[in-house]
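A.B. asks: After the structure tokens below, expect a handful of questions from me.
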Amino acid sequence: MRRSALPVVAIIAAVAPPSLAARHDPHLDRYEARTIVTGTDLRSRPAGMAACLADVLVKVSGDPTILDDPRLPALQARAGNYATGFDYWDRMSGIAHHDEQGSSDRPYDLTVRFDPVRVAAALRILGRAPWPDPRPALVVQVKVQDLHDAFDLTAGEKRAAEMRAALVESGEKYGIRVIVPDSLTAPANGVALPGTLVLSEAALGWVASWHLKWQGANYVWGVSGVNFDAAFRDGVRGAEQVLSGHGPPQ
């Protein structure tokens, strides 16, 4: 066991961590973020806390353009001041240490929890504010075309299991509920985000195109040459930016 400088014990777990959504109310999860670091000492912790603070500021505000704000690095340098605690989980738990890789060089999930009042103060410095509840759910309606087959990304599609998990993780990252529908033709119980995902040899990866109708305006954006995790993050991030009132997707 290691104790943090913050008033919370940091525990190195020996079992797989529960998802953020499983631990707390979804609203509170916006103040918690996770990243991968090396070891549990101070070599990687400051950078890990800085990355987690950036994620939380985006989740709480709904504004991904925060990542391009020149004032952000100064806040990240003091990320520990905004936190209430942190813990580690050994990503190689159950795997014996090797001579060339001691415990200090193993990869860990660093989870950091931040104080809502301090986060609101940080957002004021950046000229932003928390995106209030209720937030609309995002119903992602994706048609997939890989090199050999085409299918709809639905709740029951066996070929889409890893994609469904990636979509849910994208929602957790950006603090918005993502729904994978049973059918792309079913009425959307939320804001519909139609899209296409095409695996392209020429692009060396997936090509994603997204379409969103919101408050009388149409938004179209996309990304090319990425894995499907990045493609889904692009879609959810862009939709969040529009729904929270921070302009069109970049």
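The values are calculated or read from the model by the stated rules, or taken from the named source; none is laboratory data. Every value quoted in this text rests on a predicted model; they were computed, and no experiment measured them. Here the Cβ positions follow ideal geometry from the backbone for every residue, glycine too, while neighbour counts run over all protein chains shown.
A.B. asks: Of all the helices (runs of 4 or more DSSP H) wholly in segment 1-66, which have at least 1 residues that are over 11 Å from PHE114 (Cα atoms), in contact with a strand residue (DSSP E or B) (Cβ under 6 Å, 6 or more places away or on another chain) and at pLDDT below 50?
C.D. replies: Qualifying helices (runs of 4 or more DSSP H): 20-23.
A.B. asks: Moving on. Which of the residues that make up segment 124-162 are surrounded by fewer than 20 Cβ atoms within 10 Å (Cβ to Cβ), within 18 Å of TYR174 (Cβ to Cβ) and of a type in the set (A, V, I, L, M, F, W, C)?
C.D. replies: Correct list: LEU126, ALA129, ALA137.
A.B. asks: So, of the residues in segment 52-74 that are in contact (Cβ under 8 Å) with a residue 24 or more places away in the chain and aliphatic (A, V, I, L, M), which turns out to be surrounded by the fewest Cβ atoms within 10 Å (Cβ to Cβ)?
C.D. replies: The residue in question is LEU72.
A.B. asks: Taking ALA186 as meeting all but one of (1) modelled with pLDDT under 95; (2) over 24 Å from GLN250 (Cα atoms); (3) surrounded by 14 or more Cβ atoms within 10 Å (Cβ to Cβ), write down the number of the exception.
C.D. replies: Here ALA186 clears every test but (3).
A.B. asks: Out of TRP221, TRP131, TRP214, TRP206, I need the residue that is closer than 19 Å to ARG30 by Cβ, modelled with pLDDT of 95 or more and outside the structural domain of THR111 (by TED's automatic domain parsing). Which one?
C.D. replies: Of TRP221, TRP131, TRP214, TRP206, the one residue that is closer than 19 Å to ARG30 by Cβ, modelled with pLDDT of 95 or more and outside the structural domain of THR111 (by TED's automatic domain parsing) is TRP131.
A.B. asks: Please work out which one of (1) modelled with pLDDT under 95; (2) in the same structural domain as GLY235 (by TED's automatic domain parsing); (3) in contact with a strand residue (DSSP E or B) (Cβ under 8 Å, 6 or more places away or on another chain) is the condition ASP105 fails and give its number.
C.D. replies: Condition (2) is where ASP105 drops out.
A.B. asks: Exactly one condition in (1) crowded, with 16+ Cβ neighbours inside 10 Å; (2) farther than 23 Å from GLY62 by Cβ; (3) out of contact with any helix residue (DSSP H, G or I) (no Cβ under 9 Å at 6 or more places or on another chain) is not met by GLY205; state its number.
C.D. replies: So GLY205 meets the others, but not (3).
A.B. asks: Something else about it: All but one of (1) within 27 Å of SER61 (Cβ to Cβ); (2) among the hydrophobic types (A, V, I, L, M, F, W, C); (3) not in a strand (DSSP E or B) hold for TRP210; which doesn't?
C.D. replies: In the conditions (1) within 27 Å of SER61 (Cβ to Cβ); (2) among the hydrophobic types (A, V, I, L, M, F, W, C); (3) not in a strand (DSSP E or B), TRP210 misses (3) alone.
A.B. asks: Continuing with the same structure: Can you find a residue in segment 75-86 that is part of a helix (DSSP H, G or I), at pLDDT below 55 and either of a type in the set (D, E, K, R) or over 15 Å from the mean Cα position of the chain (by Cα) (or both)?
C.D. replies: No, segment 75-86 has no match at all.
A.B. asks: Still on this model: Considering each residue of segment 161-177, count those that are at pLDDT 95 or above and either in a loop (DSSP other than H, G, I, E, B) or in contact with a Ser or Thr (Cβ under 8 Å, 6 or more places away or on another chain) (or both), and give that number.
C.D. replies: 0
A.B. asks: Name the single residue that is surrounded by the most Cβ atoms within 10 Å (Cβ to Cβ) among those in segment 163-183 being more than 11 Å from the chain's Cα centre (by Cα) and of a type in the set (Val, Ile, Thr).
C.D. replies: VAL178
A.B. asks: Turning to a different aspect of this structure: Out of everything in segment 210-224 that is surrounded by fewer than 18 Cβ atoms within 10 Å (Cβ to Cβ) and under 17 Å from VAL144 (Cβ atoms), what residue ends up being nearest to the chain's Cα centre (by Cα)?
C.D. replies: GLY222
A.B. asks: Considering segment 75-96 alone, what residues qualify as being surrounded by 21 or more Cβ atoms within 10 Å (Cβ to Cβ) and within 22 Å of HIS246 (Cβ to Cβ)?
C.D. replies: LEU75, TYR82, listed by residue number.
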